[in-house]
Amino acid sequence: NAGVMQNPRHLVRRRGQEARLRCSPMKGHSHVYWYRQLPEEGLKFMVYLQKENIIDESGMPKERFSAEFPKEGPSILRIQQVVRGDSAAYFCASSPPGRVSGYTFGSGTRLTVV
Amino acid sequence: AQTVTQSQPEMSVQEAETVTLSCTYDTSESDYYLFWYKQPPSRQMILVIRQEAYKQQNATENRFSVNFQKAAKSFSLKISDSQLGDAAMYFCAYRRSSGNTPLVFGKGTRLSVIA
């Protein structure tokens, strides 16, 4: 039973380009959460999705950032027109439906904007 | 809004000794979960231990135990018989128990283990 898979592990983008980060949740998990970790900081919540629905996007910047979790395929976090301040580690976590206590995290994608 | 505070940016411990990492949180909820996560240099977030707020008994996982003081909103992690592999960032996190709500993290404590 594979864990939460994130790819790519590292991503380098020039300012103004688009970044696409992918997350495949654990088998049987229908809830996905995206977090951002700036250097020497804790993880900050960005968005919570269920299949085909955004449940809570209160932590996601209104501009340039979007997320989806289609019926088929991985969840995608998309950052348009990246800027240096977007450089961070982006983590995905998943959980099954119902009342659960904890989530399973992926290994993260480190985005570097040059 | 819920907040989690870790007041020790860095800690160090001698191998085989015991160390305690502090965490306080703020919430108006009565039912919630608390967690400690370990993040080694590999960046992987590893769940160390979790505590359910309605349980008075402190959680224990092998060398890791917590001191949960609900009234004081304190949730410290004790690592006994420290090992070199315990060196990592440690994050305290909170989550409401209702629904699949997101985790709220503290800023972390960097633990060094001295041989």
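Only one of the listed residues (B:34, B:21) is within 16 Å of the chain's Cα centre (by Cα), among the hydrophobic types (A, V, I, L, M, F, W, C), closer than 30 Å to residue A:57 by Cβ and surrounded by 13 or more Cβ atoms within 10 Å (Cβ to Cβ). That residue is B:34. Looking for something hydroxyl-bearing (Ser, Thr, Tyr), touching a residue at least 60 places away in the same chain (Cβ under 8 Å) and more than 14 Å from chain A (Cβ to nearest Cβ) - is there at least one such residue anywhere in region B:67-75? No: zero hits.
Reported count of residues in region A:39-57, each being facing chain B (nearest Cβ under 9 Å), over 15 Å from the mean Cα position of the chain (by Cα) and open to solvent by 90 Å² or more (accessible area, probe 1.4 Å), is 1. If you scan region A:69-114, which residues turn out to be outside any loop (DSSP other than H, G, I, E, B) and free of Cβ contacts under 8 Å to residues at least 40 places away in the same chain? Answer for region A:69-114, where residues must be outside any loop (DSSP other than H, G, I, E, B) and free of Cβ contacts under 8 Å to residues at least 40 places away in the same chain: just A:85. Identify the residue in region B:37-68 that is charged (D, E, K, R) and under 10 Å from the mean Cα position of the chain (by Cα) and, among all such residues, is modelled with the highest pLDDT. Going through the qualifying residues, I end up with B:38. Exactly one residue out of A:65, A:91, A:105 is surrounded by fewer than 21 Cβ atoms within 10 Å (Cβ to Cβ), closer than 28 Å to residue B:4 by Cα and among the aromatic types (Phe, Trp, Tyr): that is A:65. So, in region B:90-115, how many residues would count as being at the interface with chain A (Cβ under 9 Å from one of its Cβ atoms) and either closer than 19 Å to residue A:55 by Cβ or assigned to a strand (DSSP E or B) (or both)? Summing the residues that are at the interface with chain A (Cβ under 9 Å from one of its Cβ atoms) and either closer than 19 Å to residue A:55 by Cβ or assigned to a strand (DSSP E or B) (or both) in region B:90-115 gives 14.
The condition of being of a type outside the set (S, T, N, Q), more than 11 Å from chain A (Cβ to nearest Cβ) and open to solvent by 70 Å² or more (accessible area, probe 1.4 Å) holds for only one of B:15, B:10, that being B:15.
The values are calculated or read from the model by the stated rules, or taken from the named source; none is laboratory data. Bear in mind that the values here come from a model prediction, so they are computed numbers and not experimental data. Cβ coordinates were reconstructed from backbone atoms using ideal geometry, including for glycine residues, and neighbour counts include every protein chain displayed. These accessible areas exclude ligands, DNA and RNA; they are computed on the full protein's heavy atoms, side chains included. Shrake-Rupley method; radii C 1.70, N 1.55, O 1.52, S 1.80 Å.
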